[in-house]
Amino acid sequence: MNYKEPAPINPHEDDPFESMMSRFDIAAEILELEPGIYEYLKTPQLQVTTSIPIQLDDGTIEVFEGYRVIHSSVRGPSKGGIRFHPKVNISEVKALAAWMTWKCAVVNIPFGGAKGGVKCDPRNLTRIELEKITRRYTGNLLDIFGPERDIPAPDVNTDEQIMGWIMDTYSMHIRHTETAVVTGKPTYLGGSAGRREATGRGVRIVGEAALEKAGIDPKNASVVIQGFGNVGAVAAEEFVDIGCKIIAISDVTGGYYNPKGIDIQKALEHQRTHGGLLKDFDGGERISNDELLEMECEILAPCALEDQITRHNAGRIKAKIIVEGANGPTTAKADPILEANGVIVVPDILANAGGVTVSYFEWVQDRMGYFWPKEVVNERLARILTESFNSVARRAERHGVNMRIGAYVLAIERVANTLKLRGIYG
Ligand code: NAD
């Protein structure tokens with residue numbers, strides 16, 4: 001299997017769960033959440049650590065550690081990706097699971113939030129070993145997963161094929177094919193049209209809405225994109241389609257700047273012929289990732305990793321708008337600095353929600369056994385994200401807060417209201 005370079009996970013400025021909680025706390029205060037509801041919503045519903053022993057190709061046995069955290073299933077079955085990475089840990093999985101709860105609530109889809117991971121380095125594993133890890137992980141969590149219970153999806157270093165193995169393993173155990181147990185599958189196995197592009201497309205949809213709100217014509221907007229993977233490369237193509245100029249792009253090998261506009265198709269072609277990397281791309285002047293983040297532009301879209309905009313560089317950010325394609329690219333300590341400087345931040349739980357929205361469409365289509373054309377998927381995606389952007393912006397204005405806190409307020413209120421109506425069992 002041709003694996004992507006695992007995204008290095010940076011040391012966090014805060015513990016990731018604490019970072020999530022500091023935003024949660026601000027929103028909870030605005031909502032005047034009662035203490036019991038506050039405790040309920042902050043505490044993950046289930047945290048599982050599981051051992052995954054497999055026999056490697058050389059005959060030796062190695063035991064990997066796997067995790068699944070269900071943060072909430074108050075609004076429906078929990079939803080969230082599985083990450084294969086050597087640095088994955090339970091605190092990170094807990095934070096990512098909570099973000100999924102808020103993300104699904106922001107776009108108002110009937111899911112709770114979860115996340116999973118296996119501590120492993122896919123670069124050092126063969127395809128057969130990866131398949132064994134995936135199947136054993138799925139087998140161990142068989143009582144947790146299910147189309148009405150908990151539905152995984154891809155995340156860093158897990159792809160369509162891995163989702164296919166999860167679907168097959170689950171189906172073998174329950175003795176019939178159940179495609180709706182996992183999303184992000186190949187279309188042969190019940191995947192949805194438009195799922196691969198959905199997150200990058202969503203980044204553009206909310207970026208365009210933010211430009212409009214700021215009174216900027218997309219044709220006069222320059223865009224900088226960090227990370228040229230699934231999210232960033234599609235977002236770049238989409239921004240070009242609405243007339244924006246992409247002045248800088250980057251990947252793990254470094255950045256490229258061209259004030260006249262980078263030829264995105266040429267960059268994609270370079271990536272295809274250079275092992276998936278931009279290394280030695282001749283369509284722009286070579287710059288560092290740090291320089292890229294601090295460029296003057298209308299939109300900066302961090303689409304790579306966590307913790308890119310921190311208290312150390314936030315004061316030097318010159319973008320008018322940040323659209324967070326990645327999960328957690330801005331630390332909690334950077335938020336007030338950006339706000340003081342008038343930078344509009346379209347937060348991750350809204351900006352990258354296009355992926356989970358089309359995952360929801362995939363789940364619906366699998367359960368119906370009836371598949372929609374790509375145009376229908378894209379039209380429904382655009383409607384949901386535009387409405388969500390407007391709801392978040394209205395919330396932020398009403399409470400006099402930034403869009404991130406507006407998004408948390410909206411999401412937490414939706415989950416809290418559902419919880420109150422359901423009542424506490426026990
Ligand atoms: P990917 O692996 O396809 O792409 C990541 C890109 O970032 C690659 O081009 C990589 O080279 C680059 N990168 C890695 N380290 C970098 C660095 N230090 N500086 C600059 N670039 C660097 O991953 P992806 O699926 O595009 O996901 C990117 C982010 O978006 C992650 O935070 C992920 O959790 C988030 N996200 C993805 C989806 C989705 O549907 N794929 C949905 C929601 C959120």
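The values are calculated or read from the model by the stated rules, or taken from the named source; none is laboratory data. Since the structure is predicted, the reported quantities are computational estimates derived from the model, not experimental observations. Glycine also receives a Cβ, built like all others from the backbone with ideal geometry; neighbour counts cover every protein chain displayed. Areas reflect the complete protein model, heavy atoms only, side chains present, ligands, DNA and RNA absent. Shrake-Rupley method; radii C 1.70, N 1.55, O 1.52, S 1.80 Å.
Some points to look at:
- When the residues of the stretch 392-426 are filtered to those that are touching a residue at least 24 places away in the same chain (Cβ under 8 Å) and of a type in the set (Gly, Ala, Ser), the one that is farthest from GLU208 (Cα to Cα) is ALA416.
- Residues located in the stretch 63-103, provided they are away from the ligand (no atom under 13 Å from the Cβ), over 19 Å from ARG414 (Cα atoms) and hydrophobic (A, V, I, L, M, F, W, C): VAL63, PHE64, VAL69, ILE90
- Qualifying residue in the stretch 154-164 (condition: more than 16 Å from the ligand (Cβ to nearest atom), closer than 17 Å to LYS79 by Cα and buried (at least 18 other Cβ atoms within 10 Å of the Cβ)): yes
- Hits in the stretch 247-270 - residues which are within 13 Å of the ligand (Cβ to nearest atom) and touching a Cys at 6+ places or on another chain (Cβ under 8 Å): ALA248
- Exactly one residue out of ILE337, ILE412 is open to solvent by less than 60 Å² (accessible area, probe 1.4 Å), modelled with pLDDT of 95 or more and within 20 Å of the chain's Cα centre (by Cα), and it is ILE412.
- Scan of the stretch 211-249 for residues that are open to solvent by 10 Å² or more (accessible area, probe 1.4 Å) and either farther than 21 Å from LYS266 by Cα or hydroxyl-bearing (Ser, Thr, Tyr) (or both), ordered by number: GLU212, LYS213, ALA214, GLY215, ILE216, ASP217, PRO218, ASN220, SER222
- A single member of PRO302, PRO329, PRO347 is under 28 Å from GLY112 (Cβ atoms), more than 9 Å from the ligand (Cβ to nearest atom) and open to solvent by less than 10 Å² (accessible area, probe 1.4 Å), and it is PRO347.
- The listed residue being open to solvent by 30 Å² or more (accessible area, probe 1.4 Å) and within 16 Å of the ligand (Cβ to nearest atom), out of ARG127, ARG175, ARG201, ARG136: ARG201
- Residue within the stretch 133-142 that is on the phi < 0 side of the Ramachandran plot and free of Cβ contacts under 8 Å to residues at least 24 places away in the same chain present: no
- Within the stretch 30-79, being among the hydrophobic types (A, V, I, L, M, F, W, C), more than 25 Å from the chain's Cα centre (by Cα) and not in a helix (DSSP H, G or I) holds for LEU33, ILE52, ILE54, LEU56, ILE61, VAL63.
- When VAL364 is tested against (1) of a type in the set (Val, Ile, Thr); (2) open to solvent by 10 Å² or more (accessible area, probe 1.4 Å); (3) in contact (Cβ under 8 Å) with a residue 40 or more places away in the chain, just one condition goes unmet, and that condition is (3).
- Residue within the stretch 211-222 that is at pLDDT 95 or above and within 16 Å of the ligand (Cβ to nearest atom) present: no
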